[in-house]
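Just below is one structure, and these are the notes that go with it.
Just so it is clear, none of the values below were taken in a lab; they were calculated from the coordinates. Predicted, not measured: the structure shown is a model, and the values here were computed from it. We place every Cβ from the backbone using ideal geometry, glycine too, and count neighbours over all the protein chains shown.
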Amino acid sequence: MTLGHINQEAQGNEISLVKSLICDAIRDIIMTRGEYVASVEKIVDKMKRQPNGINPDEAGKVLDHYGYRFDRQNGSHKTYVNEEGDIQTVPKKRPTIKPIYVKQILGKIGV
């Protein structure tokens with residue numbers, strides 16, 4: 001490896017770090033404005049009323065809000081983990097997730 005390659009690799013890592021920091025800052029701004037919280041509350045209400053009409057993105061948004069972070073995707077399932085190590089999987093293959101997953105999520109977030 002030449003010095004030029006090392007410099008290019010370092011610059012690439014710096015750019016990735018900056019992008020990550022910008023995304024985190026934008027997310028924090030959105031959450032503090034209350035729009036994100038309001039939409040999550042609406043989704044949770046919908047989960048309670050209509051557990052068979054929740055799409056995977058809505059489920060992920062709720063999990064994210066309640067302290068779960070996207071960990072990995074294996075095949076057609078996304079896996080979310082919280083700080084205590086609790087795991088919740090959400091299928092991505094279908095347009096809506098099965099009610100059993102919705103009930104699991106509601107139980108885990110304490111609603």
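Calculated on the Cα set of segment 44-111, radius of gyration then Dmax: 10.9, 30 Å. Among the GluC sites (Glu not before Pro) within segment 47-105, those in coil by DSSP and having at most 11 neighbouring Cβ atoms inside 10 Å are Glu83, Glu84. Annotation: the residues His77, His65, sorted from fewest to most other C-beta atoms within 10 Å of their own C-beta, follow the order His77, His65.
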